[in-house]
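The values are calculated or read from the model by the stated rules, or taken from the named source; none is laboratory data. Quick caveat: nothing in here was measured; it's all calculated off a predicted structure. Neighbour counts are summed over all protein chains in view; Cβ atoms, including those assigned to glycine, are modelled from backbone coordinates with ideal geometry.
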Amino acid sequence: MVHVQIPGLGSVDLEVLVLDYNGTLALDGVMLKPVKEAIGRLAEQLEIHVLTSDTFGTVARQCQELPVQVKVLSGVDHSAEKEAYLKQFAPRQTVAIGNGSNDRLMLEKAQIGIVVMGPEGCSGKALQAADVMVGCIEDAFGLLLEPQRLVATLRR
């Protein structure tokens, strides 16, 4: 669990991390180098789920040795599918990280939504739904590994 006390928001106890894959953890289907180590460290504190349309068909191979649960989306509306997946968890205990339009609802519904402005950019809709915007996935993971950074960003 990641615990943080945020002035104006209160006590936050995060237990589940839901991640988008392409554009967030990976570029062109290949996982970014710093991601594997950070996921290993985060898995000591959080249950981790990766949701993806798997555009490049690489997620199973790229995540096979990681302590994550992978869900390849199969429906027509991936925004709704990601939102529905998130509903199995207590929203106040969930943090979501993504970059695309189809991440908007999960970013909005999570206790803390983090949008990544990486090499693929980020959707304006995802940006509006997020609580925090970061420049790269390493910075997003840093917020969870050093939660006082969330205090500095989210205090009211």
**Request:** Output the qualifying pairs, or none if there are none: Cβ atoms under 8 angstrom, residues six or more apart or on different chains, first residue in segment 112-132 and more than 24 Å from Leu9 (Cβ to Cβ), second residue among the charged types (D, E, K, R).
**Result:** Ser123/Asp103; Ser123/Arg104
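I need the full set of residues from segment 95-104 which are touching a Ser or Thr at 6+ places or on another chain (Cβ under 9 Å), within 21 Å of Leu46 (Cα to Cα) and not charged (D, E, K, R), in order please.
Residues of segment 95-104 that are touching a Ser or Thr at 6+ places or on another chain (Cβ under 9 Å), as a first pass: 97-104.
Then drop every residue that is not within 21 Å of Leu46 (Cα to Cα), which leaves 97-99, 103.
Ile97, Gly98, Asn99, listed by residue number.
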**Asked** Would you pick out the residues in segment 109-125 that are more than 11 Å from Gly135 (Cα to Cα) and surrounded by 18 or more Cβ atoms within 10 Å (Cβ to Cβ)?
**Response** Lys109, Ala110, Gln111, Ile112, Gly113, Ser123, Lys125
**Asked** Could you list, in sequence order, the residues of segment 143-152 that are in a helix (DSSP H, G or I), exposed (fewer than 15 other Cβ atoms within 10 Å of the Cβ) and free of Cβ contacts under 8 Å to residues at least 24 places away in the same chain?
**Response** Ala152
**Asked** Quick one: Asp131 ticks every box in (1) under 20 Å from Met1 (Cα atoms); (2) modelled with pLDDT under 95 bar one, so which box is it?
**Response** (2)
**Message:** Checking the condition surrounded by 13 or more Cβ atoms within 10 Å (Cβ to Cβ), without any contact (Cβ under 8 Å) to a residue 60 or more places away in the chain and small (Gly, Ala, Ser), which residue from Ser79, Ser74 passes?
**Reply:** Ser79
**Item:** Criterion: under 26 Å from Asp13 (Cβ atoms) and aliphatic (A, V, I, L, M) - qualifying residue of Val76, Val50
**Value:** Val50
**Item:** Subset of segment 25-51 that is among the β-branched types (Val, Ile, Thr) and at pLDDT below 95 - its residue that is nearest to Glu146 (Cα to Cα)
**Value:** Val35
**Asked** Checking Leu66 against (1) surrounded by 13 or more Cβ atoms within 10 Å (Cβ to Cβ); (2) touching a His at 6+ places or on another chain (Cβ under 6 Å), which single condition isn't satisfied?
**Response** (2)
**Prompt:** What is the one condition in (1) at pLDDT 95 or above; (2) farther than 17 Å from Tyr21 by Cβ that Arg156 does not satisfy?
**Reply:** (1)
